[in-house]
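Enquirer: What follows is a single structure, and I will ask about it in a moment.
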Amino acid sequence: MLSLLCLTLSEPKTAKEIIASRDELLESAISRLANGDKDALGDLYENARVSVYSFALSIVKNTQDAEDVMHDTFVAVYKHAKSYTPKGKPLAWILTIAKNFALKALRQRSRFSSEEEDWERYNDQTNDEAEQGEKRLVLMELLKTLSEQERQIITLHAVSGLKHRQIAELLDLPLSTVLSKYNRAIKKLRNELQEDASDV
Amino acid sequence: MSNKNNDIENRLKSEFESITPNNLDRIKATVDSDASAKILELPKKKRPIYKKFVCAVAAMFVLCALGAATILSTTSGSELATIISLDVNPGVELTINEKDEITDTRATNSDGESILKGLSLDGKDINEGLDIIIDKLVDSGYISSDANSVLVSVNSSEQTSAKKIENLVTEKITATLSKNGVEASIISQIVEKDEEIEELAEEYKMSDGKARLINELAKKDGRHTFDELSTLTVNELSVLLNETKTMPNDVKKHGKVSKKDYISSDEALQSALSYVNAQKSEIKNLSLELDYLKKHGENSGSMVYDVRFIFNDTEYRFDVGAKNGEILKEKSDRVDEDTPPPPKKPRPQNTIGKEMAMDIAQNAGFNPSSDADFDIELECDDDGNWYYDVEIPSDASVNGDNASTESTDETNCETNCETDLTRPYPDGSFRPSDKDDCNHGDDDDDDDDDDDRYEQGDRDDYHKPLPPSDGDSSHRSPEKIRIDAISGNIIKR
């Protein structure tokens, strides 16, 4: 029995296993928060921040708003930890909250600026960051060439590991639409990457 | 297919990981300082203690089972196991080991369950098991000379083993059916684990094998979405596959599919000719092929003959019921006297597919109230270019009014006494009702309600599809657009 356990522990983790253990950690963090353990906030943050930030960014398209959404989301999760019913899908719950804050930010922002300005702002901001060059490439293409829904679907699938079905629920789209948009978006990205590679 | 996308997705993931800021301190500060950010208590629920105990025990049991399953599954991967999935109408799945012995059986739909009932196949050799299953399928009437198709899908970690099993199963089924007086028509395919296929199979309650076949057919055929083809029997799928010039990837045909249930193509043509009072000698540019017609709002459709010809300067299109010759759909367009269109070219194998055409149309501003409002036809122009003609009935909305529903959301939420903490209001806040000690009364079902809200949301409420911002909302889009069937580009008229 012990050797079996050792075997499982030493095998490299598949993507599925990584997601499963992340979900377990999130559920445990949320239930600890619900019991008043404030320190669980750190665990929660560590396991969900990239998912929340990337999803928020895919909606609001600028880093300032995305950071605010991330902040508001985690505060809200902290506040409402007790109302979460453990069902094995903690991330979907957290992202639902994030989505609403993101939509709110979008509505407020739309009163002041157009879509092109959003993109410009994002490009300016990321140029200031330390990491540049080849690594940035996929992200840039993602933002530029995809439609709203395509961008959100790809982000949710790639970064948060949500299944298409969960994405369909989160975005309130039929499964077939999600699959179709996902396929189209991946195709677009692949084409854009190939073009850029041949230009260089 | 999923593996090919992993490289792009992994890059994306690591990019996001590198740019995500770490603002935990700021969040902690807010949480510590802000009095309103305390962890909210749920309203007290009357819940008997023994229920909590039972739930806890059940939860522990599930966790143990999950733990055991994880350990078991990671260690059993070293044995070679092949999964053979059979679909007729009933769907069954057999797992065999290296010695070709059956180690597990499973039904993939409810008809399959009735087939497996009373059969004990574990430990038997695959040939014997197939004999038993096929005999029962024939006895139960699922396979006959009129409907003689079987779909065989083989999934094995080892390629050569998969092919060997594919041949073995195909030969065995052919032999058993022959013994029963039926000439078999077998479609076989080698399948791999695919997340997209698994999700489709789960959604439509069919086996992975059938889902894969339908998906491949939808891609090759270009005229139908997965959803439209989902209600076809294996026999009908087989008939459609027969019509395509090249088979989808890794799909093989053995034997001839029975069309005894259907009228002949001559009879179908005659039915169409009588409708317009024409003689065969008077028509031009005849094209005729089998297709599947599912009318909007109906649960299932039927096989039809798609009959087209030009008669008296009019291009006619008929969908003739393949079983009884009834005219199910008819369309006509006047054509230019001087330049009749050339004969139809064979359909291309690499169209973007109907699903994607719908998606492109939606991005261009077409927002019908449901998928059924789309009228999409795959057509060919004079130069041999294929395109999708997309039309929406003029009363359906374009760039629909999503904004108006948001104000009603808020009033609904406010008049609701319950504090729904799993479902934030559209403005992002979680507003409890004015009455903090709102009495929920005897709701043992409270948790279930919360689950429903968490699971599905209230579709009319804040779960609005995000408005398409690619289309320009300042002017009305036309009710008709044309999309190139290969590239997906919108063709200007």
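The values are calculated or read from the model by the stated rules, or taken from the named source; none is laboratory data. None of these values were measured; they are calculated from a predicted model. Don't worry about glycine lacking a Cβ; one is built from the backbone with ideal geometry, like all the others, and counts go over all protein chains shown. Heavy atoms of the whole protein, side chains included, go into the accessibility calculation; ligands, DNA and RNA do not. Shrake-Rupley method; radii C 1.70, N 1.55, O 1.52, S 1.80 Å.
Enquirer: Using only Cα atoms, locate the centre of the stretch A:51-98 and the centre of the stretch B:217-268, then give the distance between them in Å, rounded to an integer.
Expert: Cα centres, the stretch A:51-98 to the stretch B:217-268: 46 Å.
Enquirer: Return the residues of the stretch A:52-92 for which accessible area with all protein chains present is lower than in the chain on its own by 30 Å² or more; set the probe to 1.4 Å and exclude ligands, DNA and RNA.
Expert: Listed by number, the residues meeting the 30 Å² cut-off are A:Tyr53, A:Glu67, A:His71, A:Val75, A:Tyr78, A:Lys79, A:His80, A:Lys82, A:Ser83, A:Thr85, A:Lys87, A:Lys89.
Enquirer: In the stretch B:132-231, what percent of the accessible surface is made up of carbon and sulfur (1.4 Å probe, ligands and nucleic acids excluded)? Present the calculation step by step, with values, prior to reporting the outcome.
Expert: Working: 1750 of 3840 Å².
C and S atoms contribute 46 percent here.
Enquirer: What is the gain in length, in nm to one decimal, between B:Asp25 and B:Ile327 on full extension, counting 0.36 nm per residue of separation less the C-alpha to C-alpha distance?
Expert: Working: separation 302, 0.36 × 302 = 108.72 nm, distance 7.09 nm.
In short, 101.6 nm is gained.
Enquirer: Kindly list the residues of the stretch B:140-164 that lie in the label zone of B:Asn127, defined by a backbone N under 12 Å from the point 7 Å along the Cα-to-C-beta vector.
Expert: Label zone hits: none.
Enquirer: Something else now. Taking only the C-alpha atoms, wrap a convex hull around the stretch B:185-255 and report its volume per residue in Å³ as a whole number.
Expert: Numbers: hull volume 5.8 nm³, N = 71.
It is 82 Å³ per residue.
Enquirer: To one decimal place, what orientation-averaged projected area in nm² is obtained for the convex hull of the Cα set of the stretch B:221-352?
Expert: Values: hull surface 37.3 nm².
Answer in nm², one decimal: 9.3.
Enquirer: Shifting gears a bit: Using the Karplus curve 6.51 cos²θ - 1.76 cosθ + 1.60 with θ = phi - 60°, work out ³J(HN,Hα) for each residue of the stretch B:281-293 in order, rounded to whole Hz, and write x for Gly and Pro.
Expert: Karplus values, whole Hz, x for Gly and Pro: 6, 8, 9, 10, 6, 6, 9, 8, 7, 6, 8, 10, 10.
Enquirer: Any idea of the total accessible area buried by the B-A contact, 1.4 Å probe, rounded to 100 Å²?
Expert: Numbers: alone 29880 and 12380 Å², together 34420 Å².
The buried area between B and A, both sides summed, comes to about 7800 Å².
Enquirer: Also: What are the ³J(HN,Hα) values, in whole Hz, obtained from phi via the Karplus relation 6.51 cos²θ - 1.76 cosθ + 1.60 with θ = phi - 60°, for each residue of the stretch B:261-274 in sequence order, with x given for Gly and Pro?
Expert: Each residue's phi maps through the Karplus curve to give 6, 9, 6, 7, 5, 4, 5, 5, 4, 4, 4, 5, 5, 4 Hz.
Enquirer: Same structure, new question: What are the radius of gyration and Dmax of the stretch B:96-193, computed over its Cα atoms and given in Å?
Expert: 13.2, 36
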